[in-house]
Amino acid sequence: MENLELIKLAINAREMAYAPYSGFKVGAALLAKSGKVYLGCNIENASYTPTNCAERTAFFKAVSEGEHEFEKIAIVGGMGDNLSDSCPPCGVCRQVIAEFCDGDFVIVLGTEEKVLEYKFSEILPLAFTPKSLN
Ligand code: THU
């Protein structure tokens, strides 16, 4: 699947964001190696800390349906109706990604106008992964 297509799916997923406290809405579209795409949005909470990011929503949906192998994820975010030029994943989401993906996993950021592509190893070098426990 093309990066632009995945970005468009993330933009649609962002419509479902539940972000009444920050107003910052995030959408994610996660492509599994099976070919299935799992969508996610951020889900905030009045108690703040239980907030779940869009990326983790997508990963947890996928893993809960038996997926363990992934190709790439597109992430978009922005305040209210505005889309930021880039919405990089937070540290907690990077750690969740590290549980299931190696350095070749692709992170797609940006907008429909400007699509950016990173290797996961570029944005989380020296990751602590399941292999670290061996
Ligand atoms: N957020 C995400 O969904 N993903 C990220 O990687 C960064 C932050 C959400 C969490 C919170 O609902 C809002 O954006 C502001 O931090």
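Could you identify the single residue in Ala13, Ala58, Ala62, Ala17 that is more than 14 Å from the ligand (Cβ to nearest atom) and open to solvent by less than 60 Å² (accessible area, probe 1.4 Å)? Steps first, answer last, please.
Details: Ala13 fails: more than 14 Å from the ligand (Cβ to nearest atom); Ala58 fails: more than 14 Å from the ligand (Cβ to nearest atom); Ala17 fails: more than 14 Å from the ligand (Cβ to nearest atom).
When all the criteria are applied, what remains is Ala62.
Restricted to region 41-52, and to residues that are within 8 Å of the ligand (Cβ to nearest atom) and not polar (S, T, N, Q), which residue is most open to solvent (accessible area, probe 1.4 Å)?
The first filter runs over region 41-52 and keeps only residues within 8 Å of the ligand (Cβ to nearest atom), leaving 41-44, 51-52.
Imposing the further condition that a residue be not polar (S, T, N, Q) reduces the set to 41, 43-44.
On the way: Cys41: 17, Ile43: 75, Glu44: 23 Å².
Result: Ile43.
Taking region 116-133 as the search range and keeping residues that are in contact with a Gly (Cβ under 9 Å, 6 or more places away or on another chain) and without any contact (Cβ under 8 Å) to a residue 60 or more places away in the chain, which one is least open to solvent (accessible area, probe 1.4 Å)?
Step one: list which residues in region 116-133 are in contact with a Gly (Cβ under 9 Å, 6 or more places away or on another chain), which gives 116-117, 119-122, 124-125, 127.
From the residues that got through so far, the ones that are without any contact (Cβ under 8 Å) to a residue 60 or more places away in the chain too are 116, 119-122, 124-125, 127.
Working: Leu116: 45, Lys119: 94, Phe120: 6, Ser121: 52, Glu122: 114, Leu124: 43, Pro125: 86, Ala127: 35 Å².
Among those that are in contact with a Gly (Cβ under 9 Å, 6 or more places away or on another chain) and without any contact (Cβ under 8 Å) to a residue 60 or more places away in the chain, it is Phe120.
In this structure, is Phe24 crowded, with 20+ Cβ neighbours inside 10 Å and within 16 Å of the ligand (Cβ to nearest atom)? Please lay out each step first, then the result.
Details: crowded, with 20+ Cβ neighbours inside 10 Å: no; within 16 Å of the ligand (Cβ to nearest atom): yes.
Judged against the criteria, Phe24 is not a match.
The values are calculated or read from the model by the stated rules, or taken from the named source; none is laboratory data. Everything quoted here is computed from the prediction, not taken from an experiment. Quick reminder, even Gly has a Cβ in these numbers, built from the backbone with ideal geometry, and neighbours come from all protein chains shown. Please note that ligands, DNA and RNA were not included when accessible areas were found on the heavy atoms of the full protein model with its side chains. Shrake-Rupley method; radii C 1.70, N 1.55, O 1.52, S 1.80 Å.
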